[in-house]
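These notes are about the structure you will find just below.
Derivation of every value follows stated rules applied to the coordinates shown; laboratory data play no part. Because the structure is predicted, anything quoted here is derived from the model rather than measured. Counting neighbours? That spans all protein chains shown, and the Cβs are built from the backbone with ideal geometry, glycine included.
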Ligand SMILES: [Zn+2]
């Protein structure tokens with residue numbers, strides 16, 4: 001374990017349980033205890049895949065495999081493109097959120113100070129939303145890349161099987177907290193992912209199906 005990883009785990013209150021080698025991705029993943037029942041992420045700065053014990057112990061091995069290969073897809077992405085998209089995402093989202101807060105402050109101030117023009121509220125809000133959308137799109141690109149990587153690894157047949165399963169048994173989130181909301185925004189809707197995968201379908205080769213052992 002390294003210092004940065006320890007700090008990261010402390011920050012998010014993840015308690016490390018064990019590091020496990022996963023054959024399908026030929027890599028180690030860190031299983032942690034967390035309140036987040038669907039925790040699975042790739043942490044770029046420490047180059048580590050982290051998964052919550054709840055998710056790691058689900059019975060549906062097809063789904064677990066997809067999640068792990070998706071996270072590995074983040075790790076395998078070209079580092080320069082990855083960090084450019086990540087920077088665009090973080091930078092634009094910070095500017096966007098700060099701008100939206102400013103527009104609300106400006107709006108309230110305009111009642112007190114009459115020389116402030118209400119019109120600027122909407123201008124600041126519009127520009128902030130623009131930044132926010134660019135940030136979100138950068139994040140969607142990162143996620144779509146990981147999904148395309150995962151589908152290329154598991155094959156279209158397995159992907160359609162997973163889609164079908166997910167439609168029959170949709171995931172129900174017990175807690176719709178702040179983390180859930182952030183995750184929801186940072187990932188493209190399933191329909192968008194499906195559409196992009198269908199478009200790239202002919203470029204996706206089907207390898208042997210790989211299942212976590
Ligand atoms: Zn992802």
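Assorted remarks:
- Each residue, residue 160 and residue 200, gets one label point 7 Å from its Cα in the Cβ direction; the gap between the two is 1.9 nm.
- Residue separation of residue 58 and residue 35 scaled by 0.36 nm, minus their Cα-Cα distance, works out to 6.7 nm of gained length.
- Inter-site label distance for residue 28 and residue 167 at 7 Å from Cα along Cβ, in nm: 4.1
- Mean separation of Cα contacts under 8 Å (6+ apart) over length of the chain, as relative contact order %: 20
- Our estimate of slack between residue 13 and residue 94, defined as 0.36 nm per intervening residue step minus the Cα-Cα distance, is 26.8 nm.
- Backbone N atoms of the range 37-57 closer than 18 Å to the 7 Å Cα→Cβ label point of residue 79 belong to residues 42-49.
- Relative exposure of 193, 114, judged by other C-beta atoms within 10 Å (fewest first): 114, 193
- Base-10 log of normalised Debye intensity for the range 60-203 (one unit scatterer per alpha-carbon) at q = 0.11, 0.13, 0.17 Å⁻¹: -0.56, -0.71, -1.00
- Against the main long axis of the alpha-carbon atoms of the chain, helix 79-112 sits at an angle near 30°.
- In degrees, nearest ten, helix 156-168 long axis to first principal axis of the chain (Cα): 60
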